[in-house]
Every structure is written in structure tokens, then in C-alpha cells.
Amino acid sequence: MSLEGKRVVVLGGTSGIGLAAAKAFVKESSHVIIASRSSEKLTKAKAEIGSDVEGYEIDFRSEEGAKNFFSKVGEFDHLVVTAGEGAMGHFSELPVAAVREAFDSKFWGQYITVKSALPYLNNKSSITLTSGVYGLRPPRGASTLAAINSAVDGLVRGLSVDLAPIRVNVVSPGIVDTPIYSGMPAEQRNKMYNSMSQQLPVGRVAQPEDIAATYVYLAKNGFTTGTTVLIDGGAHLI
Ligand SMILES: NC(=O)c1ccc[n+]([C@@H]2O[C@H](COP(=O)([O-])OP(=O)(O)OC[C@H]3O[C@@H](n4cnc5c(N)ncnc54)[C@H](OP(=O)(O)O)[C@@H]3O)[C@@H](O)[C@H]2O)c1
């Protein structure tokens with residue numbers, strides 16, 4: 001299925017995996033609409049993507065904000081959601097408020113986005129959400145992300161039945177070198193990447209482009225729905 005001329009919304013398309021996905025869809029000659037909260041990130045991402053891209057400010061946790069955003073976008077073909085903030089911390093230490101906040105973002109944000117986008121999609125559309133390998137194989141301190149990612153994977157299986165013939169899938173990445181880790185001191189971050197690279201069967205952590213290709217594949221492949229695509233360099237095996 002060609003993506004040429006298709007209108008593709010990438011919510012979270014201003015950074016990391018979403019930015020790489022937006023670029024990958026532009027390479028397929030799609031018209032890409034990116035969205036996130038920060039106007040600064042939007043301006044930078046639009047300049048970096050270069051051509052055929054629109055950008056909107058939106059906080060996907062707000063139903064009103066999401067409805068308003070999609071009414072401005074109008075009809076489109078494919079929805080990709082990479083926005084989402086999780087929370088790490090041992091079960092006995094992480095406050096319930098922090099866990100709720102993470103659910104509000106990564107689970108409810110994606111849920112609200114799909115609900116608000118529906119009136120603007122068509123029978124040939126696809127929706128691709130984002131979870132993560134911690135849903136399947138959580139290390140210590142990842143019980144919140146294990147729950148959120150599993151919930152997103154489950155939601156996608158349900159939606160693929162409820163929303164058919166619209167196809168609904170989810171990309172579940174392992175560790176990816178993105179600005180999500182920019183809060184960590186560089187030395188600590190590099191140590192983590194090196195340690196992961198030594199453990200992973202593929203011998204390296206992912207670059208955003210490795211993951212971005214999967215969103216393009218899922219938008220293109222008309223026979224794939226209800227699927228979680230695990231793209232984790234073998235992290236679920238270690
Ligand atoms: N990187 C990894 O190792 C990894 C591993 C497994 C799963 N994942 C998942 O992959 C997804 C993307 O991660 P990433 O590494 O690409 O992160 P990232 O570089 O931090 O990008 C996240 C994007 O989401 C947007 N965003 C966050 N909260 C938002 C909100 N409330 N409303 C609208 N936009 C929002 C951010 O822009 P604004 O700040 O402008 O809103 C940004 O564009 C996340 O769900 C993450 O949990 C990542």
C-alpha cells in the first residue's frame with residue numbers, strides 16, 4: 001500500500017521516535033502533521049523535517065485539547081502516537097500520585113487521542129500506538145511501566161476488533177537513544193547504553209530510525225491488525 005499523498009498524524013512527532021517516524025513518512029511522500037506540547041520543539045522539528053509538514057501544539061491528556069486539535073487537522077489517513085511519559089521507581093517507593101500521572105499520560109493520553117481522532121479517519125485508515133518491552137519483561141523499578149505498556153497492548157487488541165476495518169497496532173520498543181534520557185547526566189546515560197549494548201543479542205541500543213521504520217510498515221501493511229510489534233534488540237530474552 002503506497003503512502004504517497006496520505007495524511008499522517010504523528011502525535012509526539014517533535015522528538016525521539018516520533019520525530020524519526022515523521023521523517024520516515026515524509027520519505028514515503030506522505031503529508032505529515034506533527035503535534036506536541038512545546039512550541040519550541042515544534043519549530044525545531046519542523047525545520048529539521050524540512051518539507052511537507054504541519055505542526056500543532058497539543059497536550060494529549062486533555063479531551064478538549066485533543067478534540068480541538070483533530071477538528072483543525074480534519075480528515076486524515078493514518079494515526080501514529082508516540083507521545084507519553086512513564087514513571088520509574090520501585091513499587092514500595094513510587095507514590096500513587098506519580099503512577100496516576102504516568103497513566104494519565106501514556107495510557108489515557110493514547111486512549112483520548114484515538115477516541116478524538118475517530119470521526120476523521122476512514123475505512124482504510126490505520127492507528128499505531130506505542131507501548132514498550134517493559135510490559136513483557138520489566139526490570140526492577142518498572143512495575144508502573146509494565147502495567148501501562150500491558151494496558152496499551154491490551155487496548156490495541158480490543159480496538160482492532162471494535163474499530164474494524166480500521167487497523168490498530170502497537171509498537172513496543174526496547175531501549176532507544178532518544179531525548180527521553182536527556183535528564184540523566186551524560187556519563188550515567190552512556191554507562192547505561194554501554195551496559196545494555198553488552199547484554200543485548202544485537203550488541204547495541206536502538207536509534208530512533210530503527211523503531212520509526214516499524215510505524216511505516218504497520219501503516220502500509222493492510223493485513224496487520226491487533227498486533228504488538230516488539231522491536232527490542234532481544235531485550236525480552238535477557
Ligand atoms: N526511548 C526509549 O528507550 C523507549 C523505550 C520503550 C518505550 N518508549 C516509548 O516510546 C515513546 C516515545 O519515546 P521517545 O523516547 O521518543 O521520547 P521523547 O524523545 O521524550 O519524545 C516524546 C514526545 O512526546 C511528546 N509528549 C510528551 N507528553 C506529551 C503530552 N502530554 N501531550 C503531547 N505530546 C506529548 C513530547 O513533546 P512535548 O514535550 O513537546 O510535549 C515528545 O515529542 C514513549 O511512549 C516511551 O515510553 C521509549
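None of the figures in this text is laboratory data; all of them are computed from the coordinates on show. This one's a predicted model, so the numbers in the text were calculated from it and none came from an experiment. All Cβ positions, even for glycine, are placed from backbone atoms using ideal geometry, and neighbour counts span all protein chains on display.
Numbers for the structure displayed
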| item | result |
| --- | --- |
| Given K41/K124; K6/K46; K46/K191; K23/K106; K44/K220; K27/K191, the pairs whose alpha carbons are separated by over 26 Å | K41/K124; K46/K191; K44/K220; K27/K191 |
| Three-way shape call for region 131-238 based on the alpha-carbon gyration tensor, with the a/c threshold at 1.5 | prolate |
| Residues S51, S172, sorted so that the one with the fewest Cβ neighbours within 10 Å comes first | S51, S172 |
| Average silhouette area of region 120-166, convex hull of alpha-carbon atoms, in square nanometres | 3.6 nm² |
| Percent of Cα-Cα distances greater than 35 Å, calculated over the chain | 9 percent |
| Pairwise FRET efficiency - N122 versus E64, Cβ, R0 = 22 Å, nearest 0.05 | 0.35 |
| Shape category assigned to region 179-234 from the gyration tensor of Cα positions, a/c cut at 1.5 | prolate |
| Extended-chain gain in nm, criterion 0.36 nm per residue less alpha-carbon gap, R204 and M1 | 69.9 nm |
| Rounded, prolate or oblate (a/c below 1.5 giving rounded, otherwise prolate when a/b exceeds b/c) for region 89-150 by Cα gyration tensor | oblate |
| Burial ordering of Y134, Y181, fewest other beta-carbon atoms within 10 Å first | Y181, Y134 |
| Candidates I166, I58, I180, ranked by Gaussian network fluctuation over the chain, Cα under 10 Å, top entry | I180 |
| Sequence of K44, K6 once ranked by neighbouring C-beta atoms within 10 Å, starting from the fewest | K44, K6 |
| Value of [θ]222 nm, deg cm²/dmol, for the chain, DSSP H segments ≥ 4, -39500 (n - 2.57) each, nearest 500 | -13000 deg cm²/dmol |
| Degrees separating the helix 63-73 axis from the principal Cα axis of the chain, which is the longest one | 50 degrees |
| Helix 143-162 axis, angle to the chain major axis (alpha carbon atoms, nearest 10°) | 30 degrees |
| Cα-based helix-to-principal-axis angle, 108-117 vs the chain, degrees rounded to 10 | 10 degrees |
| Size of charge dipole - region 7-231 - debye, nearest 20, with Cβ of Lys, Arg +1 and Asp, Glu -1, no other charges | 320 debye |
